[in-house]
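Undergrad: This is the structure, below, for whatever I ask next.
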Amino acid sequence: MSKTVKILIFVGILAVIVFWAVGIYNNMVKLDEETQQAWAQVENVYQRRADLIPNLVKTVQGAAEYEKGTLEGVIEARSKATSVQVDPTKLTEENIAAFQQAQDQLSSALSRLMVVVERYPELKANQNFLELQAQLEGTENRIVVERKKFNEVVQKYNTSIRRFPNNIFAGMFGFDKKGYFQAKEGADVAPDVEFNFD
């Protein structure tokens, strides 16, 4: 075999390796972008919920003026929830957990508000309140859907960067594992239900 043929074979093998490595890198970039896009959609639906809350509070305030503490709790929880921002390039377990905790506090405050509303029949008949409540319920459903989609995209990304030989390139180019949304603690345990017929 001549020297030229050996050089051509070497260059050919090198070109195949380079194209293969570029393909792996580009796929990781694509998956990383998909996780960032999915995160943006999660933030979008949470922001939609936050945007509905001032109108809901105003509507309830007019009819339930004695529930000031509950309304202030919702306003404060909304403020905290909207202040927790996560850099989409740093979707770590800790950052996702902090975001989720703030959102869970807002969900809890909204639940307390809805319990209070049950005491005010005029609110349950108020068309504006009913529309806001329906929009809020729809938004909660969207949140569940977008969180599920986000977790699916993250799982795909994490699987890709952990596989061999992708894990070598992931380490070299800084592709880190991303965090998931987790179920609330105790969500796997069914609540005790007691009926009192006395």
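The numbers here are math on the coordinates, done by the rules we state, and not lab data. What you see is a predicted model, and the numbers here were worked out from it, not measured in a lab. Note that each Cβ is placed from the backbone with ideal geometry, even for glycine, and that neighbours are counted across all protein chains shown.
Undergrad: Would you look at the GNM of the chain, springs on alpha carbons closer than 10 Å, and say which of 112, 147, 163 moves the most?
TA: Its mean-square fluctuation being the largest, the pick is 163.
Undergrad: While we're looking at this one, here's another question. Between the helical axis of 93-117 and the dominant principal axis of the chain, each derived from Cα atoms, what acute angle in degrees is found, rounded to the nearest 10?
TA: 20 degrees
Undergrad: What is the order of 169, 175, fewest Cβ neighbours within 10 Å to most? Could the numbers behind the result be given before it?
TA: Working: 169 16, 175 21.
Neighbour counts put them in this order, fewest first: 169, 175.
Undergrad: Does the stretch 72-134 come out rounded, prolate or oblate by the C-alpha gyration tensor, with a ≥ b ≥ c the root eigenvalues, rounded set by a/c under 1.5 and, if not, prolate when a/b is larger than b/c and oblate if not?
TA: Details: a/c = 3.52, a/b = 2.74, b/c = 1.29.
Verdict is prolate for the stretch 72-134.
Undergrad: With axes computed from alpha carbons, what is the tilt in degrees of helix 68-83 against the longest principal axis of the chain, rounded to the nearest 10 within 0 to 90?
TA: Approximately 10 degrees, to the nearest 10.
Undergrad: Got a sec? Charge dipole of the stretch 3-173, +1 on Cβ for Lys and Arg, -1 for Asp and Glu; which of 75, 54, 38 is way out at the positive end?
TA: Working it through, the farthest residue towards the positive pole turns out to be 38.
Undergrad: Can you pull the one-decimal nm distance between simple spin-label points at residue 173 and residue 134, each 7 Å off the Cα toward Cβ?
TA: Inter-label distance under the simple model: 4.8 nm.
Undergrad: Once fully extended, how much extra length lies between residue 33 and residue 6, figured as 0.36 nm per residue of separation less the alpha-carbon to alpha-carbon distance? Working shown, then result.
TA: On the way: separation 27, 0.36 × 27 = 9.72 nm, distance 4.05 nm.
Length gained between residue 33 and residue 6: 5.7 nm.
Undergrad: Hey, what do the phi angles of the stretch 162-168 turn into as Karplus ³J(HN,Hα) couplings, whole Hz, using 6.51/-1.76/1.60 and θ = phi - 60°, x for Gly and Pro?
TA: 8, 6, 7, x, 4, 4, 5
Undergrad: Treat every Asp and Glu Cβ in the chain as -1 and every Lys and Arg Cβ as +1, leave all other atoms uncharged, and give the resulting dipole magnitude about the Cα centre to the nearest 20 debye. Provide the component values of the computation, followed by the final result.
TA: Details: 23 positive and 26 negative charges, 280 e Å.
So the magnitude is around 1340 debye.
Undergrad: Roughly how many whole Å is it from the C-alpha centroid of the stretch 13-48 to that of the stretch 98-129?
TA: Taking the Cα centre of the stretch 98-129 as reference, the centre of the stretch 13-48 is 38 Å away.
Undergrad: Next up: Using square roots of five times the C-alpha gyration tensor eigenvalues, list the equivalent-ellipsoid semi-axes of the stretch 3-173 in whole Å, biggest first. Please report the intermediate quantities before stating the final value.
TA: Numbers: eigenvalues 544, 37, 21 Å².
Calculated on Cα positions only, the semi-axes equal 52, 14, 10 Å.
Undergrad: Starting from 0.36 nm per residue, how many nanometres of slack lie between residue 40 and residue 84 once their C-alpha separation is accounted for?
TA: On the way: separation 44, 0.36 × 44 = 15.84 nm, distance 1.39 nm.
14.5 nm is the gain from fully extending residue 40 to residue 84.
Undergrad: With r defined as the distance between the Cβ atoms of residue 51 and residue 72 and R0 fixed at 22 Å, what FRET efficiency is calculated, to the nearest 0.05? Walk me through the numbers before you get to the answer.
TA: On the way: r = 19 Å, r/R0 = 0.86.
Here the calculated transfer efficiency is 0.70.
Undergrad: Now, a different point. So what are the ³J(HN,Hα) numbers for the stretch 129-134, from phi and the Karplus equation (6.51, -1.76, 1.60; θ = phi - 60°), rounded to whole Hz, Gly and Pro as x?
TA: Result, ordered by residue: 5, 4, 5, 4, 4, 5 Hz.
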